[in-house]
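Novice: There's a structure below that I have some questions on.
Rule-based calculations on the coordinates, nothing more; no lab input. Quick caveat: nothing in here was measured; it's all calculated off a predicted structure. Positions of Cβ are generated from backbone atoms using ideal geometry, with glycine treated the same way; all protein chains shown enter the neighbour counts.
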Amino acid sequence: MKRREVLAGTGTAAIAALAGCGGASGLFARPTPEGVYVPDHVEGMEMIETVSLGDLRVGVTYSYPHRFWTVERDGDAYVTNRTDVRDDDAVHLMAVPWDADTGMVVPNTGLSVDITKGGDLVTQEVIYPMLSQRMGFHYGANFPLDGDGTYDVTVSVGGVSIPRYGAFEGRFGAGGEATTTFEFSSDALSEIPYRQLDDRRFQPGAVEPMSMDALPTGSAPDPLPGATLGRGKSGDAAFVGSVVTAARFGSDPYLAISARTPYNGLVIPGMGLSASVDADDSVELDAAIDPDLGFHYGRSLAGLTASSTVEVTVDVPPHVARHVGYETAFLEMPSFELEPA
């Protein structure tokens, strides 16, 4: 798929240079640790606006352009492919969709952005689902702009097709779009906070998620509702399992598996999971969203109890782009058994 079509203008040289030492995490040689690690810097972002799209709220922000990593299949393995900052990239635009009533981030919407200036289309892109230590799950990409000025940003979301339970049933199914306006200047961009990290950088760990009243960060529920089945780890990701008995899941007990990042406990979407209960045949789990369980993977299974032995297989690792600190994690993910904490 062609991810970008630039129809007018280029970014400024000043912004491109700034991206090299800022969001691009530096142009100098640096180690690439295995697994989740503390980045060499943290940066802020500028809020553009929060818009309403049907049942969803979408917060739109921007920061310095920076490199990120997408996930691709290479034979029997999954690898990350680095997307570098291009000369014409001016900003890294981000969008977070969430439910206004619960503040819960809603993955699996699909999201695209059109940017115009003076009525002329500058760029359009279906942007990537992403995971970062500071923002958690969001959609984002680098965008070129036609210099300083006033831009209209049109955000479009698709309908959510994964199972939705409880108060979410029947919601988020319709797509929509909304347009917001922002004034861009390279001077304002350069004032966005940027701080190098010296003490912990490149060590196992993570920086804390940013705290913003206007944007949720996609934290997974802790504790996970229901009767606990235990916890597990695979490929640096943490998993929590529970059995939920509730009418919204049908007559059989419901197996819920919540995948989250280590250290920060942020939800990890985009995976394919299956599970075997008490050594029976493996069954595929559905990505789903529930007001109490949050985003998770689950299925109703007859005979499931809190004393069941559950083995989880990661059939497909998370197909979400990664910011620095996550690019080597969540790729090689062996099967595991849920065990008491």
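Novice: Which entry in [x] 59, 21, 19; [y] 34, 24, 21; [z] 36, 23, 16 is this structure's computed semi-axes √(5λ) of the Cα gyration tensor in Å?
Specialist: Matching entry in [x] 59, 21, 19; [y] 34, 24, 21; [z] 36, 23, 16: [z].
Novice: Here's something else I'd like to know. What does the net charge come to around Leu56 if you take all other residues with beta carbon closer than 10 Å to its beta carbon, with K and R at +1 and D and E at -1?
Specialist: Taking every other residue near Leu56 into account, the sum is 0.
Novice: Report the normalised scattering of the range 5-196 as log10 I(q)/I(0) at q = 0.17 Å⁻¹, calculated by the Debye formula with identical scatterers on the alpha carbons.
Specialist: -1.18
Novice: Now, a different point. What span do the alpha-carbon atoms of the range 107-259 cover on each of the three principal axes, reported in whole Å from largest to smallest?
Specialist: Largest to smallest, the principal-axis extents are 57, 47, 27 Å.
Novice: Sorted by packing (mean other beta-carbon atoms within 10 Å per residue), highest first, where do 258-268, 64-74 land? Don't skip to the end; give the middle numbers.
Specialist: Working: 258-268: 22.6, 64-74: 19.4.
In descending order of packing, they fall as 258-268, 64-74.
Novice: Moving on. Give me the net charge for the shell around Gly170: Cβ to Cβ below 15 angstrom, other residues only, Lys and Arg +1, Asp and Glu -1.
Specialist: Neighbourhood net charge equals -2.
Novice: May I ask you to compute the full-extension gain from Asp74 to Arg171, defined as 0.36 nm times their residue separation minus their alpha-carbon distance, rounded to one decimal in nm?
Specialist: Roughly 31.3 nm would be gained on extension.
Novice: Here's another thing I want to ask about it. To the nearest 20 Debye, how big is the dipole of the range 5-196 about its Cα centre, given +1 on the beta carbon of each Lys and Arg and -1 on that of each Asp and Glu?
Specialist: That gives a dipole near 540 debye.
Novice: Could I ask something else about it? In whole angstrom, how far apart do the alpha carbon centroids of the range 107-123 and the range 290-341 sit?
Specialist: Cα centroid of the range 107-123 versus Cα centroid of the range 290-341: 33 Å apart.
Novice: For the range 278-294, just list the computed ³J(HN,Hα) in residue order, Karplus coefficients 6.51, -1.76 and 1.60, θ = phi - 60°, integers in Hz, with x standing in for Gly and Pro.
Specialist: Using θ = phi - 60°, the values come out as 6, 6, 6, 4, 6, 10, 6, 9, 9, 5, 8, 9, 9, x, 9, 7, x Hz.
Novice: So what's the gap between the Cα centers of the range 69-87 and the range 153-209, to the nearest angstrom?
Specialist: After rounding, the separation between the Cα centres reads 21 Å.
Novice: If I build a Gaussian network model for the chain, linking alpha-carbon pairs within less than 10 angstrom, which residue out of Ser282, Ser234, Ser63 has the largest mean-square fluctuation?
Specialist: Of Ser282, Ser234, Ser63, the Gaussian network model singles out Ser282 as fluctuating most.
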